[in-house]
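Have a look at the structure below, then the notes.
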Amino acid sequence: KCYTGIRRSFIFEEEILPLVDNNVMGEFGKKLCLGQIYFLRAYYNLEILKRFGGYPLVKTVLTTSDDLNIPRSTYDECVDYIVDLCGQAAELLPITYATNQLGRATKGAALALKARTLLYAASPLFNDPTQVDDTFEHGKYDASKWEKAAEAAAAVIKLNTYGLYTDGKGYEDFFYTLDKNNEIILSRMCAAHNDVERLNGPVSITNGEGGTCPSLNLVNDYEMIDGKAFDWNNPEHAANPFANRDPRFEKSILYNGSTWMNNMVVETFTGGKDFTGVKATRTGFYIRKFCNISASWNAPIGKAFHCFPLLRYGDLLLMYAEAMNEAYGPDTDSKGYGLTARQAVALIRERAGLTGNIDLSETVPAGNREKMRIAIQHERRIELAFEEHRHLDLRRWKLAEQVLNQPVLGLKIDKKEDGTFTYTPQVVESREFTPKMYLYPFPQSEMSRNTNLKQNTGWNS
């Protein structure tokens with residue numbers, strides 16, 4: 001699909017746009033279209049790079065008469081190509097559009113995509129000190145790649161266009177608020193609907209599909225509201241595990257006792273109405289994030305717009321924090337960008353509604369790069385939950401062997417006669433992650449089609 005998008009972008013640039021009469025679309029309009037084309041081309045290329053490493057770069061419309069046995073470019077060559085496309089796009093695109101043009105690429109989107117590309121390029125999987133050469137699977141090691149990533153993220157901040165959404169219920173409302181939401185850098189647009197709610201709703205609601213069921217592994221990572229870690233060995237925590245948690249927990253996850261549409265109470269205890277049936281959750285949880293309580297698929301029918309962020313300011317701040325921490329440490333802003341890594345993370349945690357340890361001063365000593373790295377990784381997991389970053393974050397950090405080899409956990413909840421509950425963590429499913437899984441395999445159909453395509457390590461057998 002990415003190559004299809006890349007091909008279409010070249011068809012539009014090379015074959016369609018030159019034919020458009022200037023009286024129909026002036027020079028400004030053509031530049032605007034060209035900027036969007038460059039952005040989309042960069043976006044599709046990055047989606048391939050994140051998963052496969054260096055890949056065959058396609059830079060024109062290919063025909064059946066062309067030699068299609070295109071070899072893989074090196075990782076750094078692909079990065080340079082994408083970064084250049086982002087730069088070209090940023091020069092042509094406006095900072096903002098009218099409300100009826102939401103969803104189109106902007107200058108900020110191009111710069112944020114550049115920052116994401118450089119963040120990946122600086123990360124341990126692709127920027128390993130033990131790997132000194134630029135190959136298909138990783139770039140040439142260069143510690144200054146973190147500085148370039150920080151500079152790119154800072155360029156978005158300096159636009160003074162974006163901020164964390166704090167209206168209404170803040171973090172919750174963001175995911176179905178499009179108008180006057182300056183946290184959105186780029187969002188996937190679609191008509192108002194209730195598909196998300198129906199496909200993921202608890203099964204006790206008529207036709208609720210129970211699609212995405214959060215793991216206890218994730219639930220355990222939500223801190224207490226005072227910024228301290230949740231701990232099953234703490235009797236107070238274990239007795240009432242859903243109380244006084246990071247407010248993002250309540251806004252992201254439906255748990256036993258949650259109130260949902262039409263004031264229904266979610267029951268995920270053994271024998272409960274939402275823990276019964278083939279589509280019921282196996283973990284004890286349902287997703288709440290993205291779901292609008294007014295978007296009902298049963299009478300009375302309701303629909304809502306949804307914000308599925310491809311790029312948002314909260315993510316950008318965490319990209320900036322990560323790059324700044326690796327380049328300069330948690331408390332240094334030697335380049336004068338205006339924020340340290342610690343301050344950037346604190347903005348996220350303050351918006352979340354935590355009441356303690358907002359700036360991580362209780363858990364990350366001044367200047368401690370290693371502990372700040374762990375804190376930022378935690379913050380990305382919580383803030384960006386279900387936004388499709390986690391599996392690739394774990395890969396680029398080279399932590400997947402450690403994390404993704406752990407079993408998926410759920411919570412067995414038993415209701416006692418007095419109406420209280422007991423909670424028992426349990427294994428729901430075993431998982432395995434081997435080193436070859438850090439990069440995706442090229443499909444055999446592609447290997448057969450392109451004789452110059454070299455497979456990623458470990459996938460030949």
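The values are calculated or read from the model by the stated rules, or taken from the named source; none is laboratory data. Being a predicted model, the structure only gives us computed values, none of them experimental. For the accessible areas, the whole protein counts, side chains as well, though only heavy atoms, and no ligand, DNA or RNA atoms are used. Shrake-Rupley method; radii C 1.70, N 1.55, O 1.52, S 1.80 Å.
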Completion exercise
Heavy-atom accessible area of the range 144-301 with neighbours in place, 1.4 angstrom probe: carbon+sulfur share in percent works out to 48 percent
Fill in the blank from the handout: Projected onto their principal axes, the Cα atoms of the range 404-461 stretch, largest extent first, over whole-Å spans of 69, 19, 14
Handout entry: Hits among lysines - C-alpha to C-alpha of K107 under 25 Å, sequence gap 8 or more where chains match
Key = K1, K30, K31, K50, K59, K145, K148, K158, K180, K335
Handout entry: Cα centroid separation, the range 300-352 to the range 134-156 (Å)
Key = 18 Å
Problem - Rounded, prolate or oblate (a/c below 1.5 giving rounded, otherwise prolate when a/b exceeds b/c) for the range 337-461 by Cα gyration tensor - result: oblate
Practice task
Could you state the angle between the C-alpha long axis of helix 2-11 and the longest principal axis of the C-alpha atoms of the chain, as a value from 0 to 90 degrees rounded to the nearest 10?
Solution key: 40 degrees
Handout entry: Carbon + sulfur, % of accessible area of the range 358-401 - ligands and nucleic acids excluded, 1.4 Å
Key = 50 percent
Fill in the blank from the handout: Computed over the range 124-182, protein heavy atoms only, probe 1.4 angstrom, the accessible area per residue in square angstrom equals 49 Å²
Problem - Amide hydrogen neighbours beyond the local backbone of K412, cut-off 5 Å, H modeled - result: T424, Q426
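How big, on average over all directions, is the shadow cast by the Cα convex hull of the range 177-325, in nm²? Walk me through the numbers before you get to the answer.
Numbers: hull surface 43.5 nm².
In nm², the orientation-averaged hull projection of the range 177-325 is 10.9.
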Practice task
For the range 422-461 and the range 79-98, write down the distance between their C-alpha centroids in whole Å.
Solution key: 33 Å
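Provide the per residue accessible area, probe 1.4 Å, for the range 230-372, rounded to a whole number of square angstrom. Can you show the working numbers first?
On the way: 5770 Å² over 143 residues.
Here the residues of the range 230-372 average 40 Å² of exposed surface.
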Exercise for the section: Scan [x] 0.94; [y] 1.04; [z] 1.00 for the value of Cα Rg over 2.2 N^0.38 Å calculated from this model and give just the label. Expected result: [y]
Exercise for the section: Per DSSP H run of n ≥ 4, the term is -39500 (n - 2.57); total these for the chain, divide by its residue number, and report the mean residue ellipticity at 222 nm rounded to 500 deg cm²/dmol. Expected result: -11000 deg cm²/dmol
Handout entry: the range 75-124 - Rg over Rh from alpha carbon coordinates, Kirkwood radius
Key = 1.07
Exercise for the section: Can you tell me the 0 to 90 degree angle between the C-alpha axis of helix 369-383 and the longest principal axis of the chain, rounded to 10? Expected result: 80 degrees
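When Rg is the radius of gyration of the Cα atoms in the range 1-155 and Rh is its Kirkwood radius, what does Rg/Rh come to? List each step's numbers first, then the result.
On the way: Rg = 16.8 Å, Rh = 16.6 Å.
Here Rg/Rh amounts to 1.01.
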Completion exercise
For the range 312-359 (alpha-carbon point model, no solvent) the Debye-based log₁₀ I(q)/I(0) at q = 0.13, 0.18, 0.30 Å⁻¹ works out to -0.27, -0.50, -1.09
Completion exercise
The set of residues whose placed amide H lies less than 5 Å from the amide H of F308, leaving out same-chain residues fewer than 5 positions away, is R188
